[in-house]
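Report on the structure given below.
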Amino acid sequence: MTVQIDHALEEIRRFRPSPEFAAQAVAGEELYESARADRLGFWAEQARELLTWQKPFTRTLDWSNPPFAKWFDDGELNVAENCLDRHVEAGLGDRVAIHFEGEPGDSRDITYAELTDEVKRAANMLEGLGIGEGDRVAIYLPMIPEAIVSMLAVARIGAIHSVVFGGFSSDSLASRIDDAEAKLVITADGGYRKGRVFPLKPTVDEAIAKSAGSIENVLVVRRTGNEVDVVDGRDHWWHDTVAEASGEHAAKPFNAEHPLFILYTSGTTGKPKGVVHSSGGYLTQAAFTHKNVFDLHPETDVYWCTADVGWITGHSYVVYGPLANGATQVVYEGTPDTPHPGRWWEIVEKYQVSILYTAPTAIRSFMKLGRQIPHQFNLRSLRLLGSVGEPINPEAWIWYRHVIGGGSIPVVDTWWQTETGAIMISALPGVTDLKPGSAQVAVPGVSIDILTDDGTPVEGEEGGLLVVTEPWPSMLRGIWGDPERFKETYWEKFGDRYFAGDGARRDEDGDIWLLGRVDDVMNVSGHRLSTAEIESSLVAHPWTAEAAVVGASDETTGQAVVAFVILKASQAAHGDDVAAASEELRKHVATQIGAIARPRQVFIVNELPKTRSGKIMRRLLRDLAEGRQIGDTTTLADTSIMQIISEQVK
Ligand code: WT7
C-alpha cells in the first residue's frame, strides 16, 4: 500500500488496531475502566502485580503535604532485586537480558543470571569502596553493559545514582558532581563513536580537578584500551576490582520512597535541576507503561530502545522498565550511521527486534536518506514502533509506519518528561485508534488537563497549558537540595496541579496534540536545552558583551540553537572575520556544556531587541532565525532595531 506523504500534514485518518493485534494485546479497555473506577486502587494493584515487595505496603498515596507526594510509603522493596534476582528465581536465568552490540561490531549476550551475578559483584565492589545507603555515585559511561550494571549495583545497595551523559563536558560533569556531592565516579577509558575512540577518563580527571572535592574514588571500565592516567589510591580498574569481589550479595529492602536516582535536566535558568526519583512508585509506573504501551510479551519479544542511559528515556525504558518486566533487549553503543547508514536496520534484522522505541529526529534523518537503505534489510520482525522526545510530525509518523513498519503495525507517540519519570500520554496499542501527530490520551491512572493561563480548563479545541491534575506514582519527588525551586517551577502556577511547561490542545475527539514548550526551554533532537544556560556560557567567553539564544525550527533536529552575540567594544576587531568569530563561539559552547548544545549559528550583531524595561524579545529573534516576517515590534524600546539586526545577519 502506498500513501500520499504530501497529504500527511492534513492527516486526520485514524488507524484502527488490526484484529490480530488487538486479540493478542496485553492491554485492554478494562485498564481504563478500572483506573476510572478507583484510581488509587488501580495503582496499588499494579504495584502489587508488577513488583515484588519485601514488605508489602498498606498505604497507596499520601498527598497530605502537596506538592510532596508519597506513594506506597510503608512498603519496602529492592529495585535491583526486582529487575534481576526474582527473574532468576522464577526460572528465567537463561533468558537473554541484553544483546549488546558494540559500535566496532563486537557483541555479547548477557542472560538474567549473568547480569544478576555481575550486579552482585559490582554491589560488593561499591560497598568495598565505602559506598552505602544514600551516598551519591556519578556514572559517566558510554552505552555499554557496565552502565546498566553500575546503575543497578548502586540501586541494590540503596545508594543514589546520578548518570551524566557521556557527551557532556568536564564543566557540566563537575557541576553535577558538586551539586550532588558525589563520592564516586564510575567511568571508562573511552567509548566508540563514529568509528573513533572518544576518551572519557581525561574529562573525569578535569572535572574532579574543577570540583569541590567530594570525590574519593574513581572506578574505570576498560572499553577501548586507550592510555589513561591512573591516580594511585583514587582510581581503580573495574576488571581488577570485580575479580576480587564476591558474587554473593543479599538485596536489602529499602523504603518505597527511598531516592533511587538524581538526573539533571535543563530548566529556564542557567543551572540544571537535579530531578529526584523514588523507588517504589517510579518502578511501578516504569514497568506498567513499558508493559502496556509497548505490548510487551517478554517470552517472545526483542525490544530495543535507542536512547542513551544518560537521559531519562534510558533510565525508564532501557534499565528499569524492561528489566523489571524481564524483557530481552538490544543495547547498542554507537551512532546510527557507523560504519554504514543501514546500521540500525542491520541490528533489527540481526536480533529480530520486534519493538522499536526511538525519537522523531532519528526518523527524520532516515527519511532524508531514503527508503532504499532500510529496504536492504529484513525488518519483518517488527510489530510495534514507539516515538518520544518531541511531537512527531504526521509525515514522519506515516513514513515510520510504512517504510520501517511495513504498513500495518501500531506506532505509539509517547509524551512524558524527565520529571514525570514514565510515559503519561500515549495510545494503548490494541485499544486506541491511532492518529498520526497526536500523542492522544492519558495512560490509565494519569489525569491530564489543559488550562488557560488563569487556571480554568480550556473548553473546545483552543490551545492551552498542559497540566497533570492528580499525583502519579513516578512523579519527581523534588529537585535535589532545592525544595523552593521545585515548588516554584511546577506548582506555583496552578496550586496542586503540576505545570508541565508544554502547550497543548484537544481535538474534537478529545485527543491531545502537543504544541511545544511555553518557556525558555528548547528541544534539540529530543534533548532539552535551556536558552539561559547557553547564553550564560556565551557571555562567559572573553569576547562577548551580551548574548541571546533562541530555538529555531529545524527540519531534522526539531529545533536548533541560534545565538545572537554582541562583542565587547574592546574585542570588536574579532568581528571583522565574522565566520571565524562565530566558529570560535560555537566551539566554546560545545566545550563548556557539550556538543549537543553547540549553536547551529552564531550571529554577531550590534544590538539586541529589547523592551523598554530591558527584556530581550526572543520572539522577534526567532522570527528572524526562522526566516519569517518579523512580528509585532511596537513594544520595543527602539522599533528600528530589528531592521538593523536583519541587515546584519544577512
Ligand atoms: C519535553 C521533556 C521524555 C523523554 C524525552 C525527553 C517534549 C517529549 C514528547 C512527545 C511532544 C514531547 C516536551 C516535554 N516531549 N516527548 N511525544 N510529543 N513533545 O525528556 O528532556 O525531560 O523533555 O520533551 O516538550 O516537556 P525531557
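The values are calculated or read from the model by the stated rules, or taken from the named source; none is laboratory data. Remember, predicted model here, so these are calculated numbers, not experimental data. All Cβ positions, even for glycine, are placed from backbone atoms using ideal geometry, and neighbour counts span all protein chains on display.
Some values worked out for this structure:
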{"read-out": "Tally, over the range 484-525, of residues that are closer than 30 Å to Arg48 by Cα and more than 13 Å from the ligand (Cβ to nearest atom)", "value": "4"}
{"read-out": "Test: residue in the range 262-272 that is hydrophobic (A, V, I, L, M, F, W, C) and either under 26 Å from Ala427 (Cα atoms) or in contact with a Ser or Thr (Cβ under 7 Å, 6 or more places away or on another chain) (or both)", "value": "yes"}
{"read-out": "Residue selected from the range 108-134 under the condition of a type in the set (S, T, N, Q) and more than 18 Å from Val185 (Cα to Cα), by the criterion surrounded by the most Cβ atoms within 10 Å (Cβ to Cβ)", "value": "Thr116"}
{"read-out": "Residues of the range 17-46 that turn out to be in contact with a strand residue (DSSP E or B) (Cβ under 8 Å, 6 or more places away or on another chain) and either farther than 20 Å from Phe294 by Cβ or at pLDDT 95 or above (or both), as a count", "value": "2"}
{"read-out": "Strands (runs of 3 or more DSSP E) completely within the range 35-153 that count 1 or more residues being under 30 Å from Glu216 (Cα atoms) and out of contact with any helix residue (DSSP H, G or I) (no Cβ under 8 Å at 6 or more places or on another chain)", "value": "none"}
{"read-out": "Residue check, Thr432 away from the ligand (no atom under 13 Å from the Cβ), among the polar types (S, T, N, Q) and either over 14 Å from the mean Cα position of the chain (by Cα) or under 25 Å from Pro19 (Cα atoms) (or both)", "value": "yes"}
{"read-out": "Count of the range 436-460 residues which are within 13 Å of the ligand (Cβ to nearest atom) and either basic (Lys, Arg) or farther than 23 Å from Leu61 by Cβ (or both)", "value": "5"}
{"read-out": "Number of the exception - Ala573 against (1) surrounded by fewer than 23 Cβ atoms within 10 Å (Cβ to Cβ); (2) within 13 Å of the ligand (Cβ to nearest atom)", "value": "(2)"}
{"read-out": "Members of the range 407-422 that are under 22 Å from Gly342 (Cα atoms), hydrophobic (A, V, I, L, M, F, W, C) and either touching a residue at least 40 places away in the same chain (Cβ under 8 Å) or within 6 Å of the ligand (Cβ to nearest atom) (or both)", "value": "Ile409"}
